[in-house]
Every structure is written in structure tokens, then in C-alpha cells.
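Engineer: Structure in C-alpha cells, see below.
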């Protein structure tokens, strides 16, 4: 059995998974109104004056405390990021995303060639998929996944030029949704077939990704890629009890997800988006949000989809409105991204 | 497992020449990648107007695709995985320059500030609803890249993969693409041999 566990996250809401979960229980969001140039403001989630690289190292160390390092066996390190931990933007042209390994205390017995996934917004979830596949096909016993991305002028100006930024906190699946929020986050986890986990651990039932082959920055109207990715995962599983969608809050993305779920006959299943809590954390999103799904399974509590007011998708979704008890055995996590990517992964209570 | 990956078509391009299946078919005489790619688009009659809006990574992949795509049977959906060292650096620097100089970014540049967009472009052109991914490695870790390709081909039951290294550094391009087939019986260049030579590692 291949499991994922030892989730640890650091976001502007909290310096650990426990702190973040407490904040979620209180209905908090990490999004705040910030001026990003002389004329415009947006709701953004960012670390105030923190050294992002130091935070990544901290998250990594905290994650290691949740496992028996000696039990890992043959270990692969996998990074996920769209822009990397840039540090000094004046030296950006020399920057390499995988140089993050320089600030991490990587065990010399682990494989010396980390894999870095830079596949837009599905990267975090896809990194877990690769970790799982590598174990399944007996290339390694364990994989350590480190996902990170931070808000920058680069990203905010870019999405502003696409008119993709929300004027407020995003409203996934809602009639009046008007765009995304950008967020910073770090997430780490371990995937393993060995008994490494000291605490929370969940079985990975399946993972898949599929390209829409339709448009480089807009999703397929029929949700083809997401439909196929989820179908592949559900070949090995009963239906999930909850679906944590990508739900960025753009008119196109949320509609696409509703269409895909409709095609799959899954629209009755409770869903949420975590983007109103953390913002869209890009290369960290898939793993960050999967960590919350894990905690939902442990606590048997559903995290709501904040800011949902009126149905805004052509097919009605069962949007979770309250933080409350919910019996769940399986949660499906999905992500979609620029370049036509879609990924799906299902975890099960052990 | 990477020993079972065989090259059935390849495309290489650098400042000197273009090679198709290991043979030089074109000498390069232009001063920069942008010009070179534009001229090759005309020379080989690519007839794909979207080309002109693409970034250099995507143009390079679309050009390579022109030569090697036919090695993949029409009804087959290959795994598509590419890698490089600097991600979308070229487009990133253009984007930074743009919003600093003009106070607003250009959406046409910004959409290419992700290295995987070139994968999106080739999947769109070929209608490949494929499993896909863009990875970052220093060139010397190409074996780890091939290992990841092999794992994903097994996982997805993909007989073919569209793979390669596509890098743009300061207006110069370095491209080594190949179509790989899993478990191809006869003698032939292995993926390891091709990339070791092509990446000069």
C-alpha cells in the first residue's frame, strides 16, 4: 500500500498544518487588500517581510519530524514550483528553480538528482502523482515532495494584464465570480510504501493527468482533460465522498469543472474550493490543498467553500457551505492549469 | 527500465545546424534564434499561423514536431514530457522588461512565462489528449529525466513518448527532441545514447 503523510504547510495563515487548520476552523482567510502599483489593488496572500527560502527550509524540517527518516529506504526528492524561490529579482536571469536544494538539509543517502516539476498549476498534485508512480514501478521506496511558490510583482502584473484578478476575495462557483487571488505557500509531504509515518497517513488510491489539447490559457469547454483524469482515477475506486476542486473563481475554470463533474455523474458530491482561504498558490496549490484534504479525513470535518452566494455554473454543484461533521472515507483532489493541464488524485482513510 | 526506450525519430537544433535522425539537413546562418526559427517556418512551409505568436520554446518544439511527429501512429496518444534548466527564462525576462518599461504587462508575453506552454502548443496542434509534464533538470541529470519518462510511459501504458530538451538562453536555442518507443525489438539508438550525445554529457 502506498501512502502519503507527514503533511506540513506554511502559509500567511499559520506556520504549521495545525495552525492553518485552526484558522480554517475559525473561518479565516489569508487574503488581504494590497496595493500592487500606483493605480491598482488586489486581494493577495503573502508573507510579510519573511525570507521565503528560510520558510521553505523550516517547513521541510517540520515535515521530517513527522517521519522515521531511517525507515525511508531508497528516497527520491521531488520539487514543485512555477517560479521558484527567487530571492533577489535583480539576479533572476541566473536563477534556477531547483537551486532550492541548497537551503535544504538533504540526506546524502537520498537520490542526488531531484526531480523538479514545473507544469503550471497542476505541479503540486503532479509531483505527488510522480512520487506514487515511482514507488508503484519500484524505482524508489519513498519520495519527499516539496512544493512552493510566492506572490510577486511578476505574477500579479501578469494576471492583471489578463484581467483575471478578482476585485475582492474570489467567489468560486458563484454567479458573480470575477477572477482569482494570488497567494504564497509552502507544502511538504512524504509518499512511501514503508512504515515511515509517525502520525497522519492516507492511502493513495490513484492519480492521473491529462491535457485538454484545446487552448494554452483557457480550459476546454467540455472539460475533456479533467474528465479523463478523474475517470482514470475512478477506475480503481468507489466514488469519493468529497471533492476538493481547483475552483480558481474565474468564469471559465469553474464552469469547466462543473461540466466535467456533470459528465461523470458526480454533481451530488459535496465540493469546495480552498482558493478563498489561501489564494491561488500556483505550484504549491495541489499539495497545499491535498494537505487540508488529509486533515479533513482525519477530523471527519468538511471545510466549506467560502464566498459562495448564488449558483454560477450551468450545472448545479453541491457546494459545501458550512464547516461541519461529515463522514468521509475518500476525497478526490483536482487541479487544472495553463497549458491545458488537468490532474486528479484520490486519497483514502487508512 | 530506461534501457527499453528506443529512439525512432529525432530532431536537433543549435547555432550550427539542424539534424534530423542524426543527419545534418540544414546549416544555420542567422544571428539569433528568433530569426532562425522564422526562416525555418517559411522554408519548411509549416503553415500554422499560430506559430508567430509563440515564444521561442514553443516555436522550437513546433518546428521539431514537423520532422518527428510522423513516427507516431495517427491513432496513438503519446506521453509528452520535455525538460530544460532555465524553465521559461527568455519569456520571463521579456515580461519583466515589459511591465517595468510600459507600466502594464502584455498578456501575449505573460502566458508564455511557464515552460510547459510549449507542451500545450504541441498537444493542441496534434490533438494529443495526453498525459504530459515539463520538468527542470541540469543537463547532467538527463538520466533521471529518462527514468521519469519510463515510469510515466509504464503508468499510462504509452507505447510512444514525445520527449526532449528545449532550452533558450539569450536568444540562442538548443533543442534535442526525440520520439521514443517502449520495448522496440530491433537494434537501434537507445534514449540514453541519443541524449548523452545530443546534450554533450
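The values are calculated or read from the model by the stated rules, or taken from the named source; none is laboratory data. These numbers come from a predicted model, not from an experiment. Cβ: placed from backbone, ideal geometry, glycine included. Neighbour counts: every protein chain shown.
Engineer: Scanning for something within 14 Å of another protein chain (Cβ to nearest Cβ), more than 16 Å from the chain's Cα centre (by Cα) and not in a loop (DSSP other than H, G, I, E, B), does region B:59-68 turn up at least one residue? Reasoning before the result, please.
Structural biologist: We begin by selecting, within region B:59-68, every residue within 14 Å of another protein chain (Cβ to nearest Cβ); these are B:59, B:61-62, B:65.
Retained after the next criterion (residues that are more than 16 Å from the chain's Cα centre (by Cα)): none.
No.
Engineer: Is there a residue in region A:213-222 that is surrounded by 22 or more Cβ atoms within 10 Å (Cβ to Cβ), under 25 Å from residue A:276 (Cβ atoms), within 14 Å of chain B (Cβ to nearest Cβ) and modelled with pLDDT under 95? Before the answer, list the steps.
Structural biologist: To start, the set of residues in region A:213-222 that are surrounded by 22 or more Cβ atoms within 10 Å (Cβ to Cβ) comprises A:213, A:216, A:219-220.
The next check asks that each one be under 25 Å from residue A:276 (Cβ atoms); those that pass are A:219-220.
Still in the running and within 14 Å of chain B (Cβ to nearest Cβ): A:219-220.
Checking the rest, the ones that are also modelled with pLDDT under 95 come to A:219-220.
Yes.
Engineer: Do you know which residues across region A:159-173 are touching a strand residue (DSSP E or B) at 6+ places or on another chain (Cβ under 7 Å) and crowded, with 20+ Cβ neighbours inside 10 Å?
Structural biologist: The first filter runs over region A:159-173 and keeps only residues touching a strand residue (DSSP E or B) at 6+ places or on another chain (Cβ under 7 Å), leaving A:159, A:164-166, A:168-170, A:173.
A:159, A:164, A:165, A:166, A:170, A:173, listed by residue number.
Engineer: Another question about this same structure. Looking at A:151, A:128, which is the one that is more than 7 Å from chain B (Cβ to nearest Cβ), buried (at least 19 other Cβ atoms within 10 Å of the Cβ) and assigned to a helix (DSSP H, G or I)? Please lay out each step first, then the result.
Structural biologist: Details: A:151 fails: assigned to a helix (DSSP H, G or I).
Matching residue, one of A:151, A:128: A:128.
Engineer: What tally of residues in region A:1-51 results from selecting those that are assigned to a strand (DSSP E or B) and in contact (Cβ under 8 Å) with a residue 60 or more places away in the chain? Explain how you work it out, then say what you get.
Structural biologist: Here is the first cut: in region A:1-51, the residues assigned to a strand (DSSP E or B) are A:3-11, A:14, A:32-35, A:41-45.
Next, only the ones that are in contact (Cβ under 8 Å) with a residue 60 or more places away in the chain stay: A:3-11, A:42-45.
Matching residues across region A:1-51 total 13.
Engineer: Next question. Give just the number: which of (1) within 17 Å of residue A:343 (Cα to Cα); (2) surrounded by 24 or more Cβ atoms within 10 Å (Cβ to Cβ); (3) more than 7 Å from chain A (Cβ to nearest Cβ) does residue B:130 not satisfy?
Structural biologist: (3)
Engineer: While we're looking at this one, here's another question. Are any residues in region A:251-281 surrounded by fewer than 23 Cβ atoms within 10 Å (Cβ to Cβ) and in a loop (DSSP other than H, G, I, E, B), and if so, which ones?
Structural biologist: Selection gives A:265, A:266, A:267, A:268, A:269.
Engineer: Can you find even one residue in region A:178-189 that is in a loop (DSSP other than H, G, I, E, B), within 14 Å of another protein chain (Cβ to nearest Cβ), touching a residue at least 24 places away in the same chain (Cβ under 8 Å) and within 25 Å of residue B:104 (Cα to Cα)? Working first, answer last.
Structural biologist: Restricting attention to region A:178-189, the residues satisfying the condition of being in a loop (DSSP other than H, G, I, E, B) are A:178-179, A:181, A:184.
Narrowing further to those that are within 14 Å of another protein chain (Cβ to nearest Cβ): A:179.
Right, trim to touching a residue at least 24 places away in the same chain (Cβ under 8 Å) and you get A:179.
With the extra rule that they be within 25 Å of residue B:104 (Cα to Cα), the set shrinks to A:179.
Yes, some residue in region A:178-189 is in a loop (DSSP other than H, G, I, E, B), within 14 Å of another protein chain (Cβ to nearest Cβ), touching a residue at least 24 places away in the same chain (Cβ under 8 Å) and within 25 Å of residue B:104 (Cα to Cα).
Engineer: Hey, does region B:154-171 have a residue that's within 11 Å of another protein chain (Cβ to nearest Cβ), part of a strand (DSSP E or B), at pLDDT 95 or above and in contact with a strand residue (DSSP E or B) (Cβ under 7 Å, 6 or more places away or on another chain)? Before you say what the answer is, go through the steps one by one.
Structural biologist: Restricting attention to region B:154-171, the residues satisfying the condition of being within 11 Å of another protein chain (Cβ to nearest Cβ) are B:154-157, B:169-170.
Then keep just the ones that are part of a strand (DSSP E or B); that gives B:169.
Filter once more, so that each one left must be at pLDDT 95 or above: none.
No; the residues of region B:154-171 include none that is within 11 Å of another protein chain (Cβ to nearest Cβ), part of a strand (DSSP E or B), at pLDDT 95 or above and in contact with a strand residue (DSSP E or B) (Cβ under 7 Å, 6 or more places away or on another chain).
Engineer: I would also like to ask the following. For residue A:83, are the conditions met, namely being assigned to a loop (DSSP other than H, G, I, E, B), within 19 Å of the chain's Cα centre (by Cα) and facing chain B (nearest Cβ under 9 Å)? Show your work before the answer.
Structural biologist: Values: assigned to a loop (DSSP other than H, G, I, E, B): yes; within 19 Å of the chain's Cα centre (by Cα): yes; facing chain B (nearest Cβ under 9 Å): yes.
In short, yes.
Engineer: Take residue B:119 and decide whether it is more than 10 Å from chain A (Cβ to nearest Cβ), surrounded by 18 or more Cβ atoms within 10 Å (Cβ to Cβ) and modelled with pLDDT of 95 or more.
Structural biologist: On the way: more than 10 Å from chain A (Cβ to nearest Cβ): no; surrounded by 18 or more Cβ atoms within 10 Å (Cβ to Cβ): yes; modelled with pLDDT of 95 or more: yes.
Criteria not met by residue B:119.
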